[in-house]
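Participant: Here you go, one structure.
The values are calculated or read from the model by the stated rules, or taken from the named source; none is laboratory data. What you see is a predicted model, and the numbers here were worked out from it, not measured in a lab. For neighbour counting, all protein chains shown are included, and Cβ atoms are generated from backbone atoms with ideal geometry for every residue, glycine included. Surface accessibility is based on the protein's heavy atoms, side chains included, excluding ligands, DNA and RNA. Shrake-Rupley method; radii C 1.70, N 1.55, O 1.52, S 1.80 Å.
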Amino acid sequence: QVQLVESGGGLVQAGGSLRLSCAASGSIFNTNAMGWYRQAPGKQRDMVAFVSSSDSRNYADSVRGRFTISRDNAKNTLFLQMNSLKPEDTAVYYCKAIVRGGVYWGQGTQVTVSS
């Protein structure tokens, strides 16, 4: 089993920054990829940023240049640095891990950006 716990969400003004963390525990060796997704009220869950086991990174067009995904393999932690936040970034942010073919999600952390 794999457990993912997100933290770092909160309320921030437009133009501000937040750093999300996702701590992974359990049987996390051979993790293929990890990423961040978000879901706003009434909308589908969309990919924000993803990093593969080879450290290849992908970003949604809406966040490219503002958000940076990174991982600390020694601490089994995934990060999302979010700069120049906009009200449209408001959502619940979820961490996702693909481990030996299984897909795991965290419980989510709320990010609210006020205008």
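Participant: Among the residues of region 5-17, which ones are within 22 Å of VAL113 (Cβ to Cβ), part of a strand (DSSP E or B) and open to solvent by 30 Å² or more (accessible area, probe 1.4 Å)? Talk me through it step by step, then tell me what you get.
Facilitator: So in region 5-17, the residues within 22 Å of VAL113 (Cβ to Cβ) come out as 6-17.
Then drop every residue that is not part of a strand (DSSP E or B), which leaves 6-7, 10-13.
Answer for region 5-17, where residues must be within 22 Å of VAL113 (Cβ to Cβ), part of a strand (DSSP E or B) and open to solvent by 30 Å² or more (accessible area, probe 1.4 Å): SER7, LEU11, GLN13.
Participant: Which pairs do you get when a residue that is in a strand (DSSP E or B), found in region 95-115, comes within reach of a residue that is open to solvent by less than 40 Å² (accessible area, probe 1.4 Å) and among the aromatic types (Phe, Trp, Tyr), reach meaning Cβ atoms under 7 angstrom, with the pair 6+ apart or on two chains?
Facilitator: Final answer for the pair search is CYS95/TRP36; LYS96/TYR37; TRP105/TYR94; THR109/TYR93; VAL111/TYR93.
Participant: Within region 22-34, is there a residue that is farther than 20 Å from VAL2 by Cβ and either surrounded by fewer than 20 Cβ atoms within 10 Å (Cβ to Cβ) or touching a Gly at 6+ places or on another chain (Cβ under 9 Å) (or both)?
Facilitator: First, pick out the residues of region 22-34 that are farther than 20 Å from VAL2 by Cβ: none.
No - not one qualifying residue is present in region 22-34.
Participant: If you go through region 48-60 one residue at a time, how many are small (Gly, Ala, Ser) and either in contact with a Lys or Arg (Cβ under 6 Å, 6 or more places away or on another chain) or open to solvent by less than 80 Å² (accessible area, probe 1.4 Å) (or both)?
Facilitator: Just the residues of region 48-60 that are small (Gly, Ala, Ser), to begin with: 49, 52-54, 56, 60.
Still in the list and also either in contact with a Lys or Arg (Cβ under 6 Å, 6 or more places away or on another chain) or open to solvent by less than 80 Å² (accessible area, probe 1.4 Å) (or both): 49, 52, 56, 60.
Final tally of qualifying residues: 4.
Participant: What are the residues in region 70-91 that are farther than 20 Å from VAL2 by Cα and within 12 Å of the chain's Cα centre (by Cα), if any?
Facilitator: Pass one, region 70-91, residues farther than 20 Å from VAL2 by Cα: 81-91.
The answer is GLN81, MET82, ALA91.
Participant: Right, something else. I'd like the full set of residues that are of a type in the set (A, V, I, L, M, F, W, C) and either open to solvent by 40 Å² or more (accessible area, probe 1.4 Å) or free of Cβ contacts under 8 Å to residues at least 60 places away in the same chain (or both), limited to region 61-91.
Facilitator: Going through region 61-91, the residues of a type in the set (A, V, I, L, M, F, W, C) turn out to be 63, 67, 69, 74, 78-80, 82, 85, 91.
Scanning region 61-91 gives VAL63, PHE67, ILE69, ALA74, LEU78, ALA91.
Participant: Within region 35-47, track down each residue that is within 17 Å of VAL5 (Cα to Cα) and either open to solvent by less than 50 Å² (accessible area, probe 1.4 Å) or part of a loop (DSSP other than H, G, I, E, B) (or both). Outline the logic, then answer.
Facilitator: Going through region 35-47, the residues within 17 Å of VAL5 (Cα to Cα) turn out to be 35-39.
Passing the criteria: GLY35, TRP36, TYR37, ARG38.
Participant: Based on what the data block shows, is TYR94 surrounded by 20 or more Cβ atoms within 10 Å (Cβ to Cβ) and closer than 17 Å to GLN3 by Cβ? Step through it out loud before you land on a result.
Facilitator: Working: surrounded by 20 or more Cβ atoms within 10 Å (Cβ to Cβ): yes; closer than 17 Å to GLN3 by Cβ: yes.
Spelling it out, TYR94 is indeed surrounded by 20 or more Cβ atoms within 10 Å (Cβ to Cβ) and closer than 17 Å to GLN3 by Cβ.
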